[in-house]
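Working notes for the structure below.
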Amino acid sequence: MPAGRIAGPGRLTKALAGLALTALAATACGKEGSPPVKGPSAEDLPKYQIAQGFQLPDSPTWKKAKRRGRLVVGAKEDQPYLGEKDPASGVYSGFDIEIAKMISASLGFDPKTVQFRTIASANRETALQNGQIDYYVGTYTINDNRKKLVGFAGPYYMAGQGLLVRKDEEGIKGPKDLAGKKVCSAAGSTPYQRIEADFPKADLVAYDTYSICVDNLLTYQVDAVTTDDAILQGYAAKVPEELKLVGKPFSEEPYGIGVPRRDNALRFAIDDALAQNEKNGNWKKAYDATLGLSGVPAPKPPAIDRYPAS
């Protein structure tokens, strides 16, 4: 199909139904012949052992959660195999969701009681600073600027910025081909800022969520979507006949768990939880059952950065 032409309604509806990301997608999912929503099988997910008698008295965040009886965790809801919310049941699933659950168990809370709250990329720091959430697990890149605002445990995964285009796109093979192209990313995200700084000739468009970017890509309103390759793998795997990744990753994006900046006790406890779950095999099992469904085998987890208390 030539560039600039709108996709046919049957083809587009099928693609959006497979993604199940927006209201249009949710409507299309009920149509006969729509591809099933892919996701982790419950029997393949790890069972996390709850730490009995766990105490963290030096963490105001943990003590507040203990009084509440559950953890409130910020997450994404539109990232296939990473953080995705079923529009019918409201249940969250994906690798980031499993990371949040394994941490919950290590902190002494039943993972089944975790309350997930969708927080847009641009609002993550504010949500942590205001106490709206106890910690955040949602493709959250660790960088020095963000460390001035929040604390980071981890990293628990190393991603890299990539490009997602339509299957019939031949003119974009890497970031150097973006001049004059309409490129979509999430407002406030690291990938958005990198394109803005390093490839200023691209016509950059921002939305609150990547799902809107992908919808616009499918309808020929933008030419490419850029974010971390792990996120793009999930979208491409949902509708491989419509979308593809091009080029090699052009950054390193260490994913961390965001915590309130001064709560070093919580940060160090989450570091311990990550190390324990990497060692006992839960990390790999969670990956294989979620992000591994994209066909990319589990990498070696990155080294945890236990930087000093501030």
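Would you mind telling me which numbered condition in (1) within 21 Å of residue 45 (Cα to Cα); (2) in a loop (DSSP other than H, G, I, E, B) residue 302 fails?
Answer for residue 302: the failing condition is (1).
If you take the residues in region 171-194 that are in a loop (DSSP other than H, G, I, E, B) and of a type in the set (Lys, Arg), which one is least open to solvent (accessible area, probe 1.4 Å)?
Here is the first cut: in region 171-194, the ones in a loop (DSSP other than H, G, I, E, B) are 171-174, 178-181, 187-189.
From what's left, of a type in the set (Lys, Arg): 173, 181.
On the way: 173: 128, 181: 61 Å².
Once the filter is applied, the top-ranked residue is 181.
I'm checking my understanding of the structure. Among residues of region 270-298 that are loosely packed, with under 13 Cβ neighbours inside 10 Å and in a loop (DSSP other than H, G, I, E, B), which one is modelled with the highest pLDDT?
281
For region 138-158, does any single residue satisfy the condition of being at pLDDT 95 or above, of a type in the set (Val, Ile, Thr), surrounded by fewer than 24 Cβ atoms within 10 Å (Cβ to Cβ) and outside any loop (DSSP other than H, G, I, E, B)?
No, the conditions are met nowhere in region 138-158.
Being closer than 18 Å to residue 250 by Cβ and under 21 Å from the mean Cα position of the chain (by Cα): is that true of residue 151 here?
Numbers: closer than 18 Å to residue 250 by Cβ: no; under 21 Å from the mean Cα position of the chain (by Cα): yes.
Against the criterion (closer than 18 Å to residue 250 by Cβ and under 21 Å from the mean Cα position of the chain (by Cα)), residue 151 does not qualify.
Which one of 259, 222, 214 is touching a strand residue (DSSP E or B) at 6+ places or on another chain (Cβ under 9 Å) and in a loop (DSSP other than H, G, I, E, B)? Talk me through it step by step, then tell me what you get.
Numbers: 259 fails: in a loop (DSSP other than H, G, I, E, B); 214 fails: in a loop (DSSP other than H, G, I, E, B).
Exactly one of 259, 222, 214 is touching a strand residue (DSSP E or B) at 6+ places or on another chain (Cβ under 9 Å) and in a loop (DSSP other than H, G, I, E, B), namely 222.
Taking region 106-133, which residues are closer than 18 Å to residue 146 by Cβ and aliphatic (A, V, I, L, M)?
Passing the criteria: 119, 120, 122, 127, 128, 133.
State which residue is nearest to residue 295 (Cα to Cα) when the search covers only region 212-228 and only residues that are open to solvent by less than 50 Å² (accessible area, probe 1.4 Å) and without any contact (Cβ under 8 Å) to a residue 40 or more places away in the chain.
So the residue we want is 213.
For residues that are among the basic types (Lys, Arg) and modelled with pLDDT under 95, scanning just region 232-261, find the one that is farthest from residue 163 (Cα to Cα).
First, pick out the residues of region 232-261 that are among the basic types (Lys, Arg): 238, 244, 248, 261.
Filter once more, so that each one left must be modelled with pLDDT under 95: 238, 244, 248.
Details: 238: 16, 244: 8, 248: 9 Å.
Among residues in region 232-261 that are among the basic types (Lys, Arg) and modelled with pLDDT under 95, the one farthest from residue 163 (Cα to Cα) is 238.
Within region 195-211, work out how many residues are open to solvent by 20 Å² or more (accessible area, probe 1.4 Å) and modelled with pLDDT of 95 or more. Break it down stepwise before answering.
We begin by selecting, within region 195-211, every residue open to solvent by 20 Å² or more (accessible area, probe 1.4 Å); these are 196-201, 203-209.
Checking the rest, the ones that are also modelled with pLDDT of 95 or more come to 196-201, 203-206.
Residues flagged as open to solvent by 20 Å² or more (accessible area, probe 1.4 Å) and modelled with pLDDT of 95 or more within region 195-211 amount to 10.
Just to be sure before I move on: is residue 251 of a type in the set (Gly, Ala, Ser) and touching a strand residue (DSSP E or B) at 6+ places or on another chain (Cβ under 7 Å) in the structure I sent? Before the answer, list the steps.
Details: of a type in the set (Gly, Ala, Ser): yes; touching a strand residue (DSSP E or B) at 6+ places or on another chain (Cβ under 7 Å): yes.
In short, yes.
Among the residues of region 96-119, how many are in contact with a Gly (Cβ under 8 Å, 6 or more places away or on another chain) and open to solvent by less than 30 Å² (accessible area, probe 1.4 Å)?
Counting residues in region 96-119 that are in contact with a Gly (Cβ under 8 Å, 6 or more places away or on another chain) and open to solvent by less than 30 Å² (accessible area, probe 1.4 Å) gives 4.
Within region 247-256, is there a residue that is among the charged types (D, E, K, R), surrounded by fewer than 23 Cβ atoms within 10 Å (Cβ to Cβ) and part of a strand (DSSP E or B)?
no
Kindly establish whether residue 231 is touching a residue at least 60 places away in the same chain (Cβ under 8 Å) and not in a helix (DSSP H, G or I).
So residue 231 fails the test.
It is to be established whether one or more residues within region 125-132 are in contact with a Pro (Cβ under 9 Å, 6 or more places away or on another chain), at positive phi and either open to solvent by less than 40 Å² (accessible area, probe 1.4 Å) or free of Cβ contacts under 8 Å to residues at least 60 places away in the same chain (or both). Before the answer, list the steps.
Step one: filter region 125-132 for residues in contact with a Pro (Cβ under 9 Å, 6 or more places away or on another chain), giving 128-129, 131.
Narrowing the set further to residues that are at positive phi leaves 131.
If we keep only those that are either open to solvent by less than 40 Å² (accessible area, probe 1.4 Å) or free of Cβ contacts under 8 Å to residues at least 60 places away in the same chain (or both) as well, we get 131.
The answer is yes; a qualifying residue exists.
The values are calculated or read from the model by the stated rules, or taken from the named source; none is laboratory data. A quick note: this is a predicted structure, and the numbers were derived from the prediction, not measured. Heads up, the Cβs are rebuilt from the backbone with ideal geometry, glycines too, and the neighbour counts pull from every protein chain shown. Ligands, DNA and RNA are stripped out before the accessible areas are found, and what is left, the full protein with its side chains, is counted by its heavy atoms. Shrake-Rupley method; radii C 1.70, N 1.55, O 1.52, S 1.80 Å.
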